[in-house]
Amino acid sequence: MSHSVELLAVGTELLLGSVANTDAQLLSRELSGLGLNVYYHSVVGDNPDRLAQAVELAKSRADVLVTTGGLGPTCDDLTKRVVAQAFGRQLAYHPACAEAIRAYFAASGREMPENNLQQAWLPEGCQVLENHWGTAPGCAFHSQGRWVVMLPGPPGECLPMFREQAVPWLAQLSEGVIRSRTLRVFGWGESQVESLLRPQMDRLTNPTLAPYAKQGEVELRITAKAEDGQAAQALIAPVEREVRSVLGDLVYGTEENSLERVVLEGLKDQGLTLGTAESCTGGLLAKRMTDLPGAAAAFRGGVVSYVNEVKRQVLGVPQALLDEQGAVCEEVARAMAQGARRVLGCDLAVATTGVAGPDSDEWGNPVGLVYVALAAQSGCWVRKLNLAGAREGRDRVRTLAASHGLDMVRRWLAGLEIVPEL
């Protein structure tokens, strides 16, 4: 039997946008890995009537219900009571849970409020899911042909508790595994990638191939279902080879890779250093590099030359060039990159200059016009970008410009062609 899953998140803070529902994303991945099909995500506030309606709807369309949130000690933590009522169960006191809650507070040197003992009341006949990361125990039970799992909302409790406590209980439902392989693509948009791969996407049923637009790039996910992980990987491998043969060097990495991580590893492998000179990106390139642990092994630093005086005084961009052509041109980008390489003493330097918006510059250059330069001992390359279609505004222009700079470094390190205009 194939099982369908609904994830039901409880909490008004989720509906208000105060907190992101990261539990749904993380649990969906985990459940898919168990071979369980997640069909629905729902969010409901801390209201007993609406929560009861949401549970009844979930019962009508899924046979596995996983709830997150609403297991705390306050009056608006309603999940256990409402879910138990929906399945005709009473709440029962669990002394072992009460002792675990007391021990948690004692270990932290804090006095336990008495209302925390409300968390020791769980649906009768359930399997207790112990919480080693907080105070709220979860629970699991089977009733009315449905499997129910209740987990706390904080991600630091929810995910490890699911893996350690809920997975062994849910394993009885698994009829195989689902495995995915993610390929990361930069240089083309989602529609371009999809048009190239449409024949493969239409042909495949298991595994499947699907593109997902990310910020400035495309994620391709190959997903297979099989009896075990090895069989699933065997289904994925030939599809990955086919995709790579179609897209070539547009594929820059896999899984959780990023352009900056690929660049950092490439620099380390070749014993090279990188620096940046940024105008329109305002230090974003440097930030993305220094966000990575170990970046100091290859990243020398950056110059944010947002005004022309800094371009001239720090990077050595000729004043005559700035006067004649303005800051947004190929020659200035080239001079900035070469100046950064000299000033920072690095092997490679990337520079960005452009118009992020919302208005054109004093020279009449349109929003989205960006020049990105890469300087090395062997030469200097400039890529001209027209990002006028970036609907999200200046943040997206800046993000794309920084990504193109990293892509140019990636290509140089791999000995690939650096396309001059995109």
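The values are calculated or read from the model by the stated rules, or taken from the named source; none is laboratory data. As the structure is a prediction and not an experimental result, all values here were calculated from the model. Note that we place each Cβ from the backbone using ideal geometry, even for glycine, and neighbour counts take in every protein chain shown. We work out accessible area using only protein heavy atoms, side chains counted, and drop any ligands, DNA or RNA first. Shrake-Rupley method; radii C 1.70, N 1.55, O 1.52, S 1.80 Å.
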> Looking at the chain, which Cys residues are left with no other cysteine's beta carbon under 4.7 Å from theirs?
Replying inline: 75, 97, 158, 280, 329, 346, 380
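Highest mean first, what order results for 322-328, 21-27 on Cβ atoms within 10 Å? Provide the component values of the computation, followed by the final result.
Numbers: 322-328: 16.1, 21-27: 18.9.
Result, highest mean Cβ count within 10 Å first: 21-27, 322-328.
When a/c reaches 1.5 or more, the comparison of a/b and b/c decides; with that in mind, is region 1-88 rounded, prolate or oblate per its Cα gyration tensor? Walk me through the intermediate numbers first.
Details: a/c = 2.08, a/b = 1.30, b/c = 1.60.
It is oblate, given that a/c is not under 1.5 and a/b is not larger than b/c.
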> How big is the chain in terms of Cα radius of gyration and Dmax, in angstroms?
Replying inline: 27.0, 82
> Label point 7 Å out from residue 91 along Cα-to-Cβ: which residues of region 39-62 have amide N under 20 Å?
Replying inline: 44-56
> Under 5 Å between amide H atoms, partner at least 5 residues away or on a different chain: which partners does residue 9 have, H built in plane at 1.01 Å?
Replying inline: 42, 43, 44, 68
> Near the amide H of residue 253, under 5 Å away, which other amide H atoms are found, from residues 5 or more places off or on another chain, if H is placed in the peptide plane?
Replying inline: 184
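If packing is taken as the average count of other Cβ atoms within 10 Å, what order do 398-404, 293-299, 364-370 fall into, highest mean first?
Details: 398-404: 25.0, 293-299: 15.3, 364-370: 18.6.
Taking the mean over residues of other Cβ atoms within 10 Å, the ranking is 398-404, 364-370, 293-299.
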>> As I understand it, the value is the acute angle between the Cα axis of helix 95-108 and the longest principal axis of the Cα atoms of the chain; what does it come to in degrees, rounded to 10?
In response: 40 degrees
> What is the pair-distance distribution P(r) of region 237-340, computed from all Cα-Cα distances in 5 Å bins starting at 0, with each bin given as a whole percent?
Replying inline: 2, 12, 18, 16, 14, 13, 11, 7, 4, 2, 1, 0
> Can you list the HN-Hα couplings for region 233-243, worked out from phi with the Karplus curve (6.51, -1.76, 1.60; θ = phi - 60°), rounded to whole Hz and with x for Gly and Pro?
Replying inline: 5, 5, 6, 6, 3, x, 5, 4, 4, 5, 4
> Quick one: Kirkwood hydrodynamic radius for region 303-353, alpha-carbon pairs, angstrom, one decimal?
Replying inline: 10.6 Å
>> Using square roots of five times the C-alpha gyration tensor eigenvalues, list the equivalent-ellipsoid semi-axes of region 356-397 in whole Å, biggest first.
In response: 24, 12, 7
>> Between region 1-69 and region 292-339, how far is it from one alpha carbon centroid to the other, in angstrom?
In response: 50 Å
> Over region 68-120, what per residue volume does the convex hull of the Cα atoms give, in whole Å³?
Replying inline: 85 Å³
> So what does residue 101 come to for accessible area, using a 1.4 Å probe and Å² rounded to 10?
Replying inline: 0 Å²
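According to the square roots a ≥ b ≥ c of the eigenvalues of the Cα gyration tensor, what is the shape class of region 279-412, taking rounded for a/c under 1.5, prolate for a/b larger than b/c otherwise, and oblate for the remainder? Before the final figure, lay out the partial values.
Working: a/c = 1.73, a/b = 1.18, b/c = 1.46.
Taking the square roots of the gyration eigenvalues as a ≥ b ≥ c, region 279-412 is oblate.
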> Can you list the HN-Hα couplings for region 344-353, worked out from phi with the Karplus curve (6.51, -1.76, 1.60; θ = phi - 60°), rounded to whole Hz and with x for Gly and Pro?
Replying inline: 8, x, 10, 6, 10, 9, 10, 10, 10, 8
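Hey, can you rank 347-359, 301-313 by average C-beta count inside 10 Å, highest first? Intermediate values should be presented prior to the final figure.
On the way: 347-359: 24.2, 301-313: 17.8.
Per-residue mean Cβ counts within 10 Å order the peptides as 347-359, 301-313.
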>> Suppose R0 equals 41 Å. What FRET efficiency, 1/(1 + (r/R0)^6) with r the Cβ-Cβ distance, do residue 386 and residue 12 give to the nearest 0.05?
In response: 0.40
> Per the helix-only calculation at 222 nm, which mean residue ellipticity applies to the chain, given -39500 (n - 2.57) for every DSSP H run of n ≥ 4 and division by its residues, nearest 500 deg cm²/dmol?
Replying inline: -11500 deg cm²/dmol
>> Tell me the relative contact order for region 134-288 as a rounded percent, counting alpha carbon contacts under 8 Å between residues six or more apart.
In response: 20 percent
> On average, how much accessible surface per residue is there in region 210-311, in Å², for a 1.4 Å probe, leaving out ligands, DNA and RNA?
Replying inline: 45 Å²
>> As I understand it, the value is the acute angle between the Cα axis of helix 190-203 and the longest principal axis of the Cα atoms of the chain; what does it come to in degrees, rounded to 10?
In response: 50 degrees
> Over all Cα pairs of region 109-198, how is the pair count split among 10 Å bins, expressed in % and running from 0 up to the last occupied bin?
Replying inline: 13, 31, 22, 16, 13, 5, 0
>> Taking every pair of distinct Cα atoms and averaging 1/r, then inverting, what Kirkwood hydrodynamic radius in Å comes out for region 10-54?
In response: 11.7 Å
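Based on the alpha-carbon gyration tensor of region 99-249 and its eigenvalue square roots a ≥ b ≥ c, which shape applies: rounded if a/c is under 1.5, prolate if not and a/b is larger than b/c, or oblate?
On the way: a/c = 3.58, a/b = 2.21, b/c = 1.62.
In terms of gyration-tensor shape, prolate.
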> For region 107-155, what is the largest minus smallest coordinate of the Cα atoms on each principal axis, given in angstrom and ordered from greatest to least?
Replying inline: 43, 23, 14
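Given a 1.4 angstrom probe, I'd like the percentage of the accessible area of the chain that is carbon and sulfur, rounded to a whole number.
On the way: 9450 of 19140 Å².
Carbon and sulfur: 49 percent of the exposed surface of the chain.
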> Tell me, what HN-Hα J-couplings in whole Hz come from the Karplus equation 6.51 cos²θ - 1.76 cosθ + 1.60 at θ = phi - 60° for each residue of region 294-304, using x for Gly and Pro?
Replying inline: x, 5, 4, 5, 9, 9, 7, x, x, 10, 8
> Amide H to amide H, which residues 5 or more places from residue 131 or on other chains are under 5 Å from it, using H placed in the peptide plane?
Replying inline: 138
> How about residue 80: which lysines have a C-alpha closer than 16 Å to its C-alpha, ignoring those fewer than 8 places off in the same chain?
Replying inline: 59
